[in-house]
Amino acid sequence: MSFGINKGRDPDSGYVTCGSLVKLLNTRHNVRLHSHDVKYGSGSGQQSVTGVDSADDANSYWRIRGKPNETCQRGVPIKCGQAVRFTHMKTGRNLHTHHFSSPLSNNQEVSAFGENGEGDDLDVWTVQCSGTYWERDDAVRFKHLGTSVFLSITGEQYGHPIRGQREVHGMPSPNQHNYWKVMEGVFIQPSNEPLHHDEL
């Protein structure tokens with residue numbers, strides 16, 4: 001494959017693109033968005049989504065995809081305001097929220113839902129950023145299309161069996177707890193443009 005793990009910043013490709021596989025860091029609490037085959041013991045009983053301290057946990061990779069029935073062409077930069085899905089790489093379930101209370105803070109539960117990347121309309125989030133496109137260095141928010149909450153962490157920690165992991169939930173208002181930044185990842189480059197535009 002021609003692309004690799006990009007831990008630095010490539011000035012020629014500073015956008016987050018469709019099809020990229022990324023880890024997302026909550027900038028207030030310095031933990032990465034994570035999921036695993038552990039179900040909630042309350043609420044929906046669906047697969048739990050948490051925040052973890054570790055930078056190198058493979059269960060923190062999410063693939064950025066278009067919303068259902070809408071093509072998000074691989075390598076195309078994602079626009080601010082665009083609706084996307086985040087599909088958990090290891091389990092194939094989508095980042096999801098719905099009207100259940102989260103177990104620790106009583107905010108809105110965030111889960112991973114669906115099979116093989118296909119769930120429902122409550123898997124769709126809009127990217128809230130300030131420019132035209134989602135830039136890799138930007139701290140952005142993710143607002144849920146169906147229920148209007150923001151993907152958030154406020155620091156509550158779980159005990160056994162996922163001790164020390166933080167609760168991820170939806171909050172109704174934008175604040176410092178719902179900023180996220182792309183960290184490690186495999187960034188898909190646009191395939192239909194030459195890397196260098198040489199003048200003839």
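The values are calculated or read from the model by the stated rules, or taken from the named source; none is laboratory data. Please read all numbers here as calculations on a predicted model, not as lab measurements. Here the Cβ is made from the backbone with ideal geometry for all residues, glycine too, and neighbour counts use every protein chain on show. Side chains included, ligands, DNA and RNA excluded: accessible areas come from the protein's heavy atoms. Shrake-Rupley method; radii C 1.70, N 1.55, O 1.52, S 1.80 Å.
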**Asked** Residues in segment 120-128: is at least one surrounded by fewer than 21 Cβ atoms within 10 Å (Cβ to Cβ), more than 18 Å from His34 (Cβ to Cβ) and acidic (Asp, Glu)?
**Response** yes
Just to be sure, is Thr147 polar (S, T, N, Q) and under 12 Å from the mean Cα position of the chain (by Cα)?
no
Within segment 93-119, the residues that are of a type in the set (S, T, N, Q) and either open to solvent by 10 Å² or more (accessible area, probe 1.4 Å) or farther than 14 Å from Tyr40 by Cβ (or both) are Asn94, Ser101, Ser105, Asn106, Asn107, Gln108, Asn116
| message | I'd like to know if segment 165-172 contains one or more residues that are more than 16 Å from the chain's Cα centre (by Cα) and within 14 Å of Ser48 (Cβ to Cβ). | response | yes
Taking segment 53-67 and keeping residues of a type in the set (S, T, N, Q) and open to solvent by 30 Å² or more (accessible area, probe 1.4 Å) leaves Ser54, Asn59
In segment 73-84, anything open to solvent by less than 20 Å² (accessible area, probe 1.4 Å) and within 21 Å of Leu25 (Cα to Cα) is listed as Ile78, Ala83, Val84
Sole miss for Glu70 among (1) surrounded by fewer than 17 Cβ atoms within 10 Å (Cβ to Cβ); (2) among the charged types (D, E, K, R); (3) not in a loop (DSSP other than H, G, I, E, B) is condition (3)
